[in-house]
1. Taking every DSSP beta bridge with both residues inside the chain, roughly what % is antiparallel (nearest 5)?
2. Taking the simple approach of a point 7 Å from Cα along Cα-to-Cβ for both Lys35 and Ser194, what is their distance in nm?
3. For a quick check: sort His271, His209 by the number of other beta carbons within 10 angstrom, fewest at the front.
4. Show me the ranking of peptides 278-288, 187-197, 81-91 by mean Cβ neighbours inside 10 Å, starting with the highest.
5. For Asn165 and Asp56, compute 0.36 nm times the residue count separating them, minus their Cα-Cα distance, and round to one decimal in nm.
6. Fewest first, what order do Val272, Val64 take by the number of other Cβ atoms within 10 Å?
7. For labels at Thr155 and Val98 in the simple 7 Å Cα→Cβ model, what's the distance in nm?
8. Among Leu75, Leu142, what is the fewest-to-most ranking by other Cβ atoms within 10 Å?
Amino acid sequence: MITYQHGKVVKGLGGLYEIRIPDSEGARRILCRAKGNLKRDEEKLIIGDNVTVTLDDSTPDGVVISDIDKRKNSLIRPPIANLDYLFIVFAARKPAPVLETVDKLVAIAEHNGILPIIVITKSDLSVETALELAEIYKGVGLSTFVTSSEAGEGTEELSEYIMTNVRDGKTAAFAGASGVGKSTLMNALFPGLSLATAEISRKIERGRHTTRHVEIFDISDGEDTGFLADTPGFSLVDFERFDFLSLDDLLFAFRDLLPFSEGCRYADCAHVGESAEECAVARAVREGKVAESRLASYRSIYRVLKAKSDY
Ligand SMILES: Nc1nc2c(ncn2[C@@H]2O[C@H](COP(=O)(O)OP(=O)(O)OP(=O)(O)O)[C@@H](O)[C@H]2O)c(=O)[nH]1
Ligand SMILES: [Mg+2]
Ligand SMILES: [Zn+2]
């Protein structure tokens, strides 16, 4: 008799988790709870975890999540584990893009060994802005997509990228501020999903936190399916508050700035206030080799991390 099985946590509903268990027909889903120790902070289950489910008559569901596999990585925001790709989504307009937030997400992905991919939405509201933003991130060296779910632009290219790369059990997530159109875009890419979406607030031009929970979907039928998660959008305020890497690691999370740092006059150059004569990163910006916004984001994150390390 089989007493335990392996699966993936795809959704959480209060204390219940939905576990996807592969079987001969593809996969089935069961709902169950986690053992007591997997509810505590340090070992708490998160969506994306690969787990063991064990038969146990003494539990309310007859089965219980008994173990979590070692994680490849895990993020705090969005809260998800074992990602291979992070699609960083922001709108050309409504809400206005905040590149520092985008760059933080890129840095978080890089630091965790997750491949960041840039997705600009709502290009129908301003094609020019969308294309300018895309230039910045192509310059960083990241795959970049310009889309409009409304006009059906760019969705085919993105869909093709996802179907080619997010397969064989690989996991990806859409992340970004509330209201940028993550769920709308997932619906456009995978019409079967029917995810809830809602208009942004007209007054403050911000999203309304329509998606409340992380949920992972199979994106095709076969055994070689990949997984794609929709996640709750964050507000700018909650993005300010979380730590993600150390001062020493920061430059390594900026793949476009890193190569220039070797040319700085002083080995301990922090690339924050030094003149372009001394700092090769500042020089690269002046010469148009690196986007100004990228160095600005680096400097802003540096200052926050520095203040914390001095404290
Ligand atoms: N003009 C335009 N509007 C769009 C586009 N994509 C989405 N929207 C609108 O943007 C609003 C927010 O879309 P959602 O998909 O709910 O945004 P979200 O990123 O999932 O938001 P949260 O779930 O709160 O994180 C909706 O009114 C959508 O119709 C687009 O390509 N063009
Ligand atoms: Mg949503
Ligand atoms: Zn420098």
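Every number in this text was worked out from the coordinates using simple rules, so none of it is lab data. Everything numeric in this text was worked out from a predicted model, so none of it was measured. Note that we place each Cβ from the backbone using ideal geometry, even for glycine, and neighbour counts take in every protein chain shown.
1. 60 percent
2. About 3.8 nm, to one decimal.
3. So the residues, fewest neighbours to most, are His209, His271.
4. 81-91, 278-288, 187-197
5. Roughly 35.5 nm would be gained on extension.
6. Val272, Val64
7. Each label point lies 7 Å from its Cα, and together they span 2.8 nm.
8. If I rank by nearby Cβ atoms, fewest first, I get Leu142, Leu75.
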